[in-house]
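Notes to accompany the following structure.
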Amino acid sequence: MSIPLTGNAGPTDAELLEEINRLRVEKNAVILAHYYQDGKIQDLADFVGDSLDLSRKAASTDADVIVFCGVRFMAEVAKILSPEKTVVLPDMDAGCSLEDSCPPDDFAAFRAKYPDHISLTYINCSAAVKTHSDIIITSSNARHIIDQIPEDRPILLAPDQHLGGYLAKETNRDMVLWPGSCIVHEQFSEKELIKLKTEHPDAPVAAHPECPAHILNHADHVGSTSSILKYVLDHDAETFIIATEPGIIHQMQKSSPEKTFIGAPGMDGECNCNQCPFMALNTLEKLRDCLRDLTPTIEISEQERLAAKAPLDLMLEMSPPPSQNQAQNRPPTSGRAY
Ligand code: 13P
Ligand code: SF4
């Protein structure tokens, strides 16, 4: 005999949203979300953007609390740039495989071997690794920053070997690369991508530079999440193949519902392996909890914060001005202008 299921099924999304909307006003909080977050989180955020947009928003907000819906290194950057704010992350286990691929002590030893090199470090790294870097870069400002570095100055780029390889080729610069990579972008299959391209011969391929070269070689556009979004919105093709984390397809479908966006396939042609498992840890429920309890918070010692802030400040100074496409703002529920 089957026993009927009873008990508490937990709050509905609508109930969670109502609570989040009440709490964000009560706590004077701003909710920042990366394009790889679940669509429901993107829809309720005050700003959705790429790593650079979100760093800028974190540095300029006048909210008391920053709820960072993204991964830990992004929330750490918010704390480094806005130390007086309370910065909470829905799930403190939301790490990043690129960060994990670059342990601070190993990086410090590597950096010491190249004293004449300028150390450009991708923002996807720990605060400790940032302290050993000269300038932080993201995929949307890297090219612009490299162009400001004297041509005879060799570059040490960490931790993403694929972003580094792509930039070395694009800029024709001498670079030493740290051998790190993103587990998500490494899952795309070249064979399956070629198959998909033959099925959709008119569909441009847009790829993130964290993809390996054998994927980037098939791309019509390579860029950061915000750059990929702008590319597909501006382009008049009907169908696009997207080689990055599929969370971004939510914004594409919202902005261009008449177009079709196909996620680039993984190794078996249809796996879900290119969803970022770290980004996926953040849920509406955990977002409500961290806003209500103001925990878990990001804490960094003042010494480490100041050392990590110097290369981040240089990044902000050397970045191109924000483009209109960056940071999709939603009207704040609280009626405040952030
Ligand atoms: P963007 O800066 O392009 O948003 O990339 C962040 C990231 O983690 C990509 O995997
Ligand atoms: Fe890190 Fe890759 Fe996830 Fe981006 S997609 S946060 S690089 S693990």
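Computed quantities for the displayed model
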read-out	value
Candidate set from region 266-323 (those that are under 29 Å from Q187 (Cβ atoms) and among the β-branched types (V, I, T)); member that is surrounded by the most Cβ atoms within 10 Å (Cβ to Cβ)	I298
Hits in region 138-175 - residues which are of a type in the set (V, I, T) and within 20 Å of C276 (Cβ to Cβ)	T138
Selection status of S140, in contact with a helix residue (DSSP H, G or I) (Cβ under 6 Å, 6 or more places away or on another chain), assigned to a loop (DSSP other than H, G, I, E, B) and over 20 Å from L306 (Cβ atoms)	yes
Which listed residue, of H185, H208, H221, is at pLDDT 95 or above and away from ligand 2 (no atom under 14 Å from the Cβ)	H221
Residue within region 221-232 that is crowded, with 23+ Cβ neighbours inside 10 Å, in contact (Cβ under 8 Å) with a residue 60 or more places away in the chain and over 30 Å from A108 (Cα atoms) present	yes
Single condition L120 does not satisfy, out of (1) within 15 Å of ligand 1 (Cβ to nearest atom); (2) part of a helix (DSSP H, G or I); (3) not small (G, A, S)	(2)
Breaking point among (1) under 19 Å from the mean Cα position of the chain (by Cα); (2) surrounded by fewer than 16 Cβ atoms within 10 Å (Cβ to Cβ), for I249	(2)
Enumeration of residues in region 262-309 that are within 21 Å of the chain's Cα centre (by Cα), over 24 Å from C211 (Cα atoms) and of a type in the set (G, A, S)	A308
Leading residue by the ranking (nearest to ligand 2 (Cβ to nearest atom)) among those in region 254-278 that are modelled with pLDDT under 95 and of a type outside the set (S, T, N, Q)	C273
Residue satisfying condition, being over 19 Å from D50 (Cβ atoms) and surrounded by 18 or more Cβ atoms within 10 Å (Cβ to Cβ), within set A203, A207, A237, A213	A203
Output for region 38-92, where each listed residue is within 16 Å of ligand 2 (Cβ to nearest atom), surrounded by fewer than 21 Cβ atoms within 10 Å (Cβ to Cβ) and under 19 Å from A127 (Cβ atoms)	D91, M92
Residue check, L156 in a helix (DSSP H, G or I) and either touching a residue at least 40 places away in the same chain (Cβ under 8 Å) or more than 15 Å from ligand 2 (Cβ to nearest atom) (or both)	no
Options A45, A78, A58: the member that is free of Cβ contacts under 8 Å to residues at least 40 places away in the same chain, over 20 Å from L157 (Cβ atoms) and within 15 Å of ligand 1 (Cβ to nearest atom)	A58
Candidate set: region 120-134, residues that are surrounded by fewer than 23 Cβ atoms within 10 Å (Cβ to Cβ) and within 15 Å of V176 (Cβ to Cβ); chosen: the one nearest to ligand 2 (Cβ to nearest atom)	H132
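The values are calculated or read from the model by the stated rules, or taken from the named source; none is laboratory data. On a predicted model such as this, the values are computed, not experimentally measured, just so you know. Neighbour counts are summed over all protein chains in view; Cβ atoms, including those assigned to glycine, are modelled from backbone coordinates with ideal geometry.
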